[in-house]
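To start, the structure under review is shown below, and the notes come after it.
The values are calculated or read from the model by the stated rules, or taken from the named source; none is laboratory data. In this text the structure is predicted, and so the values were computed from the model without any measurement. All Cβ positions, glycine included, derive from the backbone under ideal geometry; neighbour counts span all protein chains shown. Each accessible area value is taken on the protein alone, full model and side chains, heavy atoms only, with ligands, DNA and RNA left out. Shrake-Rupley method; radii C 1.70, N 1.55, O 1.52, S 1.80 Å.
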Amino acid sequence: MLRLTKPCIGKEEQEAAAKVLASGWLAEGDYTRQFEAETARYVGAKHAVATCNCTIALTLCLKALKVKGEVAIPDFTHPATAQAVLNAGCRPVLCDVSLESYNMNTWNGASFAVPVSWAGNPLNPYPRTCFIEDAACSLGAEGVGSTYTACFSLHPRKIITTGEGAVITTNDTVLAEKLRALKNFGKDGGNYRFNDVLAAVGIEQLKRLPALIKTRREHAAVYDELLKNVEGITTPQKSAGHVYQTYAVLLDKRVNRDSVIHRLIGKGIETQIGTYALHLLPQFNRLKRWTTLENSTRLAQSLLALPMAYDLTFDDQQKIVEELKTAIS
């Protein structure tokens, strides 16, 4: 099976985790502090705060900033973005996205926004309003999280992983202090701490991040070349800083994307939808909308994520493209 992705875990991570297990201290401690410091240094921010997952990270940021009322979010995103806003007691407002960048392209004067740098593609332009970035897919993307508050996921689908977890980066010292309090039973908070086993893995994963990003950009360049001029397929936007956590192509409207997924799995190739259009999901279909959401709908129906595992070979990518061309014909 040519996998959509897979975690790059080696003996270094195994030995680091074993060292923590042998130490007798498994809860959040010195390794978590080291992981936070190294993440902040890598991103270029003053502070980093590790927590249990990216949904909680976004929720804690909204609570710490005392955000109230409506919050603009992209309609084309994982449900976690909307759930985090709801968890914080705010009201998500759905906005459309660009067919080129797959990112939110309007926020209609919202007082606060949670834009998503989807698939590892940095935001451009940035919101002209107060915001925190759902950068779940974008750890390592140039500039992301260095000058504003951003939340990065450490789920196994991401470029580096600790199994579960997230890290928030910020230059706001007061905000960082509030986040540490909220995740540790502070007022209106709870127990959202990290732990040193995950942190030990994360420290080793950070060392791999530059090489893994380089590999993903190389895979993306190969796909771009192999899919060039293929009728019925639009390749993703090339942009400075893109880390290609996901490489997703837009299929022609005449093609049934879900049928393509099933055909390719029969050929030993794992593909996936891009993500969801929230307004099409029953739990979110009554949320306020600022636009018609036509681009989001199109992407939710026709975007196809291709394999980007770190050990993918050129021959693998050739096979994937040839089978994809057959599947859409």
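Miscellaneous remarks
- Computed over neighbours whose Cβ is under 12 Å from that of N295, the net charge equals -3, Lys and Arg +1, Asp and Glu -1.
- Normalised contact order of segment 62-166, rounded percent, pairs of Cα under 8 Å and 6 or more residues apart: 18
- Overall, the accessible surface of the chain at a probe of 1.4 angstrom is composed of carbon and sulfur to the extent of 51 percent.
- Alpha-carbon Rg with Dmax, taken over the chain, Å: 19.7, 59
- Per-residue surface analysis assigns H47 an accessible area of about 40 Å², computed on protein heavy atoms at 1.4 Å probe radius.
- The C-alpha radius of gyration of segment 108-158, expressed as a fraction of 2.2 N^0.38 Å, stands at 1.11.
- Loop-located trypsin sites (Lys or Arg not before Pro) in segment 1-95 (DSSP state other than H, G, I, E, B) with a sparse environment of at most 15 neighbouring Cβ atoms within 10 Å: R3, K46, K66, K68.
- Taking the square roots of five times each eigenvalue of the Cα gyration tensor of segment 1-139, the equivalent ellipsoid has semi-axes of 32, 19, 14 Å, listed largest first.
- For segment 136-279: accessible area per residue (Å², 1.4 Å): 41
- If the segment from T326 to N256 were pulled out straight at 0.36 nm per residue, it would be longer than the present Cα-Cα gap by 23.9 nm.
- Near D96, once Lys and Arg are set to +1 and Asp and Glu to -1 for all other residues with Cβ below 9 Å from its Cβ, the sum equals -1.
- The relative contact order of segment 29-89, computed from alpha carbon pairs under 8 Å that lie at least 6 residues apart in sequence, is 31 percent.
- Taken about its Cα centre, segment 43-161 carries a charge dipole of roughly 420 debye when the Cβ of each Lys and Arg holds +1 and the Cβ of each Asp and Glu holds -1.
- Here's the list of lysines a cross-link from K11 could span, going by alpha-carbon distance under 23 Å and ignoring same-chain residues fewer than 8 apart: K19, K158, K207, K214.
- Efficiency of FRET from Cβ geometry, N191 and R286, R₀ 30 Å, rounded to 0.05: 0.40
- Note on segment 223-290: Kirkwood hydrodynamic radius from all Cα pairs is 14.6 Å, rounded to one decimal.
- Placing +1 on the Cβ of every Lys and Arg and -1 on the Cβ of every Asp and Glu, with nothing else charged, gives segment 181-250 a dipole about its Cα centre of roughly 260 debye.
- Projecting the Cα atoms of G268, A113, A221 onto the dipole axis of the chain, where Lys and Arg carry +1 and Asp and Glu carry -1 at the beta carbon, places A113 farthest toward the positive end.
- Measuring spread by the Cα atoms of segment 192-329 yields a radius of gyration and Dmax of 17.6, 50 Å.
- Value of D in µm² per second that Stokes-Einstein yields for segment 1-42, Kirkwood Rh from Cα pairs, at 20 °C (1.002 mPa s): 172
- Pairs of Cα atoms farther than 20 Å apart, segment 59-142, %: 25
- Summing Cβ point charges (Lys, Arg +1; Asp, Glu -1) relative to the Cα centre of segment 117-221 gives a dipole of roughly 140 debye.
- P(r) histogram, all alpha-carbon pairs of segment 120-236 included - 10 Å bins from 0, percent: 12, 33, 33, 15, 6, 1
- Coil-residue GluC sites (Glu not before Pro) of segment 209-248, DSSP, other Cβ within 10 Å capped at 12: E231
- Relative contact order for segment 199-258, counting Cα pairs under 8 Å that sit 6 or more residues apart, in percent: 30
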